[in-house]
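The values are calculated or read from the model by the stated rules, or taken from the named source; none is laboratory data. This structure is a prediction, so every number in the text was calculated from the model and none was measured. Because the Cβ atoms are built from the backbone with ideal geometry, glycine has one as well, and the counts that use them run over all protein chains shown.
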Protein chains: 2
Amino acid sequence: MTVNIKRLNASQADFDSQLATLLAWDDSVDHQVNESVRHILHEVKTRGDKAVLEFTEKFDRLNVASVAELEMSQARLRQALKTIPEDQRVALQQAADRVRDYHERQDQKSWQYQDEDGTVLGQKVTPLDRAGLYVPGGKAAYPSSVLMNAIPAKVAGVAEVIMVVPTPDGVVNDLVLAAAAIAGVDRVFTVGGAQAVGALAYGTETIPAVDKIVGPGNIYVATAKREVFGTVGIDMIAGPSEILVICDGKTDPDWIAMDLFSQAEHDEQAQSILISPDADFLNAVETSINKLLPTMERADIIRTSMTDRAALIHVADLSEAAKVSNRIAPEHLELSVENPEALLEEIRHAGAIFMGRYTAEALGDYCAGPNHVLPTSGTARFSSPLGVYDFQKRSSIIGFSAKGADRMGRVASVLARGEGLTAHARSAEYRIKND
Amino acid sequence: MTVNIKRLNASQADFDSQLATLLAWDDSVDHQVNESVRHILHEVKTRGDKAVLEFTEKFDRLNVASVAELEMSQARLRQALKTIPEDQRVALQQAADRVRDYHERQDQKSWQYQDEDGTVLGQKVTPLDRAGLYVPGGKAAYPSSVLMNAIPAKVAGVAEVIMVVPTPDGVVNDLVLAAAAIAGVDRVFTVGGAQAVGALAYGTETIPAVDKIVGPGNIYVATAKREVFGTVGIDMIAGPSEILVICDGKTDPDWIAMDLFSQAEHDEQAQSILISPDADFLNAVETSINKLLPTMERADIIRTSMTDRAALIHVADLSEAAKVSNRIAPEHLELSVENPEALLEEIRHAGAIFMGRYTAEALGDYCAGPNHVLPTSGTARFSSPLGVYDFQKRSSIIGFSAKGADRMGRVASVLARGEGLTAHARSAEYRIKND
């Protein structure tokens with residue numbers, strides 16, 4: 001059964017609207033999910049631990065007497081680290097080291113300077129006190145996600161990283177716990193869903209309130225995060241994952257087909273797009289796709305994703321490919337070309353850019369160093385990968401000297417009176433010298 | 001008529017709950033506003049210019065034939081700059097220069113490094129293509145707000161800053177237009193409300209879509225911004241403005257009273273809090289408040305704000321004051337003490353910190369240099385002043401050498417197989433050398 005992949009050509013008159021249709025993604029909210037989430041959040045906010053216990057019994061079938069029993073000890077995390085196979089332990093550790101090394105370069109420092117009046121201006125950078133990390137249970141339980149979310153928080157200096165992870169029917173994922181041990185997660189509660197988000201946002205008798213909640217989750221988790229935004233900070237609400245590969249036609253078509261698969265295997269809504277100025281190469285990759293697909297473990301998911309959402313786009317040259325890419329603002333962008341540095345100059349928006357034929361996107365998912373939490377659905381136009389900066393905040397520092405307060409007080413006075421705010425004006429005028 | 005200001009004492013057993021009550025702020029959404037905003041956004045999204053014209057006629061009573069007629073020329077902005085009084089023009093220019101100078105220090109640079117395998121890792125920093133700036137019309141039309149929102153965008157390198165400002169009945173504020181001229185705003189449309197937010201988010205035939213919308217607005221504007229978040233970026237949804245003053249009791253009580261007024265005069269919901277270890281000083285400030293209030297132009301607003309939301313808090317010492325301040329995470333924090341540097345060490349959360357007796361908060365609103373768009377309602381726990389960083393985004397750069405792809409491909413392969421994602425594994429394995 002051949003996969004039919006959409007073909008687009010940038011020279012066609014209706015290319016823009018075809019591209020818009022390809023990228024369209026329905027993120028409309030589900031009314032029933034909304035209602036259910038609001039109810040759960042309200043219960044957790046007002047009844048704390050009791051509500052958390054009830055929802056955990058209802059949704060995860062865990063019957064315990066107290067939320068304290070849902071906390072996992074550091075000893076249990078260390079035990080998981082010992083239990084997992086040697087090669088996985090080593091690989092997790094190597095990945096964590098590279099991720100930490102990269103993120104340490106994102107650390108921001110406080111700064112200040114003095115102007116000619118002796119007035120001090122600056123910015124004080126401080127970590128969040130406490131961060132919450134949501135980790136999905138079940139089949140989407142990814143240890144790499146624990147590393148990518150927890151390590152930047154710890155590098156930022158967050159004193160307490162609190163992880164929540166559902167364990168339906170008590171099923172625990174030792175790889176996830178091992179990753180938590182390696183990443184330095186401080187506390188772990190086996191609670192999930194909107195009730196976990198509520199507990200982290202409002203705090204309960206046992207689970208402390210955090211300042212920001214990060215990490216992926218299903219529609220209930222995403223809706224709950226959107227709902228508590230403002231009470232706490234949140235990371236992005238992620239759409240389906242996407243990859244855009246720009247290839248000059250000189251990379252092994254099997255490699256490119258597999259790179260597209262690596263995105264498509266995430267879920268049926270994932271999107272894989274290939275752009276090339278070489279029409280024969282597009283055909284060759286399609287042949288590779290059909291050859292390799294039957295050999296894939298997750299062939300059904302890949303087939304649906306490729307049929308519904310993939311595309312092969314023919315362009316006149318690499319410059320046009322860059323233009324199309326900038327319209328898409330992809331989450332992952334592979335520049336599988338001879339001279340990726342030259343093409344990089346033309347790229348304005350992308351979550352992460354994978355340079356050259358050797359840089360498989362999958363390397364970035366696990367162990368390259370940069371974060372794998374990236375802006376989806378075109379939001380790379382205005383947002384950034386998860387980073388240390390997401391776990392720090394800034395305070396402006398203003399310290400006027402008597403001379404500076406005299407000089408700038410006069411400016412403030414004029415502007416405040418221009419805006420009709422005379423208390424502002426008089427407050428500044430008190431600090432003006434009477435000569 | 002004496003103002004009755006709440007008194008709290010940090011040594012009281014129920015201080016925590018009293019403080020929580022004082023800070024409580026109802027930001028629940030208004031269902032009717034929501035419905036109305038959704039309707040307006042849908043119309044603008046689907047009918048573009050036509051809908052913008054209809055809503056502008058309906059809400060602002062402007063009857064024009066095309067949206068092009070609602071655009072204000074650069075010549076008109078320059079004319080406004082010539083029209084306003086000399087002292088205001090000079091003050092605006094001085095404020096803009098200081099704001100620009102401060103924000104230039106926030107500019108972030110791209111960086112990259114090579115590891116021992118010759119693999120390149122880094123981060124590319126790029127400006128947003130286009131930013132939208134909402135400026136309220138009517139009494140809350142503040143030229144300082146134009147400077148504070150537009151200058152960081154231009155410093156960041158945003159190519160096009162598009163301002164929208166309602167002009168009900170055609171009433172134009174020349175100070176606002178002059179500020180736009182000074183700040184380098186590229187285009188101005190006299191459109192307001194949810195219809196302006198919709199036009200900036202989705203684009204119309206005449207108004208181009210932007211990547212991020214910033215700037216203050218009423219409940220309709222705030223609701224519309226929340227609604228289009230995801231399609232475009234937005235700045236914070238601001239709550240009422242607040243000031244927290246920590247004073248050792250040695251500052252002139254009239255100065256402190258006026259500093260509290262400068263926040264209270266914004267609107268009835270604004271919050272002004274004074275903390276001091278000196279009970280006599282709290283009494284002295286209350287005396288100053290009652291003495292000065294009758295002399296204030298905006299006495300009615302100040303009286304309501306002070307009665308409903310202000311507080312004088314007595315603490316044991318300055319360290320306890322810092323602890324209370326960290327619980328509040330204030331938007332504006334004045335350290336009106338002998339040694340503000342020492343106290344600063346203990347401050348963990350605040351939008352902007354005003355150091356010493358000479359640094360009136362009002363100076364920061366206009367011309368100190370740092371931004372006056374600050375996190376409100378305790379969100380300084382996890383967010384920052386508006387800055388150049390809000391108009392830039394980052395892309396991760398990953399360029400593996402053949403050697404690096406070989407070494408790290410093995411790590412990725414183990415981890416991907418551990419997660420059951422075999423397309424990821426095989427994509428990495430293609431780049432491993434066959435020895």
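One line per residue, one yes/no per condition, for (1) among the small types (Gly, Ala, Ser); (2) surrounded by fewer than 24 Cβ atoms within 10 Å (Cβ to Cβ); (3) outside the structural domain of A:ALA264 (by TED's automatic domain parsing); (4) modelled with pLDDT under 95:
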{"position": "A:GLU346", "(1), (2), (3), (4)": "no, yes, no, no"}
{"position": "A:ALA352", "(1), (2), (3), (4)": "yes, no, no, no"}
{"position": "A:GLY356", "(1), (2), (3), (4)": "yes, yes, no, no"}
{"position": "A:TYR389", "(1), (2), (3), (4)": "no, yes, yes, no"}
{"position": "A:GLY409", "(1), (2), (3), (4)": "yes, no, yes, no"}
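For the stretch B:51-65, the tally of residues that are surrounded by 15 or more Cβ atoms within 10 Å (Cβ to Cβ) and either assigned to a helix (DSSP H, G or I) or not hydrophobic (A, V, I, L, M, F, W, C) (or both) stands at 8. Restricting the search to the stretch A:351-378, which residues are within 7 Å of another protein chain (Cβ to nearest Cβ) and free of Cβ contacts under 8 Å to residues at least 60 places away in the same chain? Passing the criteria: A:GLY351, A:ALA352, A:ILE353, A:PHE354, A:MET355, A:GLY356, A:TYR358, A:THR359, A:LEU363, A:GLY364. Scanning the stretch A:236-253 for residues that are under 29 Å from the mean Cα position of the chain (by Cα) and either over 13 Å from A:ASP280 (Cα atoms) or small (Gly, Ala, Ser) (or both) yields A:MET236, A:ILE237, A:ALA238, A:GLY239, A:PRO240, A:SER241, A:GLU242, A:ILE243, A:LEU244, A:VAL245, A:ILE246.
Among the residues of the stretch A:149-165, is there at least one that is among the β-branched types (Val, Ile, Thr) and either closer than 30 Å to B:ASN371 by Cα or not assigned by TED's automatic domain parsing to the domain that holds A:LYS58 (or both)? Yes; the residues of the stretch A:149-165 include at least one that is among the β-branched types (Val, Ile, Thr) and either closer than 30 Å to B:ASN371 by Cα or not assigned by TED's automatic domain parsing to the domain that holds A:LYS58 (or both). The residue of the stretch B:367-424 that is nearest to B:TRP25 (Cα to Cα), among those that are part of a strand (DSSP E or B) and hydroxyl-bearing (Ser, Thr, Tyr), is B:SER395. Do we find that A:GLY122 is at pLDDT 95 or above, among the small types (Gly, Ala, Ser), part of a loop (DSSP other than H, G, I, E, B) and not assigned by TED's automatic domain parsing to the domain that holds A:ASP406 in this structure? Taking the combined requirement at face value, the residue does not satisfy it. Determine whether B:GLY157 is surrounded by fewer than 16 Cβ atoms within 10 Å (Cβ to Cβ), small (Gly, Ala, Ser), in contact (Cβ under 8 Å) with a residue 12 or more places away in the chain and closer than 26 Å to A:SER413 by Cα. No: the conditions fail for B:GLY157. Scanning the stretch A:332-347 for residues that are within 11 Å of chain B (Cβ to nearest Cβ) and not in a helix (DSSP H, G or I) yields A:HIS332, A:LEU333, A:GLU334, A:LEU335, A:GLU345, A:ILE347.
Would you mind stating whether B:ALA68 is surrounded by fewer than 14 Cβ atoms within 10 Å (Cβ to Cβ), more than 23 Å from the chain's Cα centre (by Cα) and among the hydrophobic types (A, V, I, L, M, F, W, C)? Spelling it out, B:ALA68 is indeed surrounded by fewer than 14 Cβ atoms within 10 Å (Cβ to Cβ), more than 23 Å from the chain's Cα centre (by Cα) and among the hydrophobic types (A, V, I, L, M, F, W, C). In the stretch A:321-331 there is no residue matching the filter, namely being buried (at least 24 other Cβ atoms within 10 Å of the Cβ), outside any helix (DSSP H, G or I) and at the interface with chain B (Cβ under 8 Å from one of its Cβ atoms). For the stretch B:63-105, filtering for residues that are at the interface with chain A (Cβ under 8 Å from one of its Cβ atoms), in contact with a helix residue (DSSP H, G or I) (Cβ under 8 Å, 6 or more places away or on another chain) and not aliphatic (A, V, I, L, M) leaves 4. B:VAL146 versus (1) in contact (Cβ under 8 Å) with a residue 60 or more places away in the chain; (2) surrounded by 15 or more Cβ atoms within 10 Å (Cβ to Cβ): which is the lone unmet condition? Only one criterion in (1) in contact (Cβ under 8 Å) with a residue 60 or more places away in the chain; (2) surrounded by 15 or more Cβ atoms within 10 Å (Cβ to Cβ) is unmet by B:VAL146, namely (1). Can you say whether A:THR251 is of a type in the set (Ser, Thr, Tyr), on the phi < 0 side of the Ramachandran plot, more than 14 Å from chain B (Cβ to nearest Cβ) and assigned to a loop (DSSP other than H, G, I, E, B), as far as the supplied structure shows? Taking the combined requirement at face value, the residue does not satisfy it. All conditions but one from (1) more than 7 Å from chain A (Cβ to nearest Cβ); (2) of a type in the set (Lys, Arg); (3) closer than 30 Å to B:ALA179 by Cα apply to B:ARG394; the one that does not is (1). The residues of the stretch A:184-214 that are surrounded by 23 or more Cβ atoms within 10 Å (Cβ to Cβ), assigned to a helix (DSSP H, G or I) and within 14 Å of chain B (Cβ to nearest Cβ), listed by number, are A:LEU200, A:ALA201. Based on this model, can you work out whether A:ALA380 counts as of a type outside the set (Phe, Trp, Tyr) and crowded, with 24+ Cβ neighbours inside 10 Å? Here the answer is yes, as A:ALA380 does meet what is asked.
With respect to the conditions (1) at the interface with chain B (Cβ under 7 Å from one of its Cβ atoms); (2) surrounded by 23 or more Cβ atoms within 10 Å (Cβ to Cβ); (3) under 28 Å from B:LEU175 (Cβ atoms), A:GLY404 lacks only one, and its number is (1).
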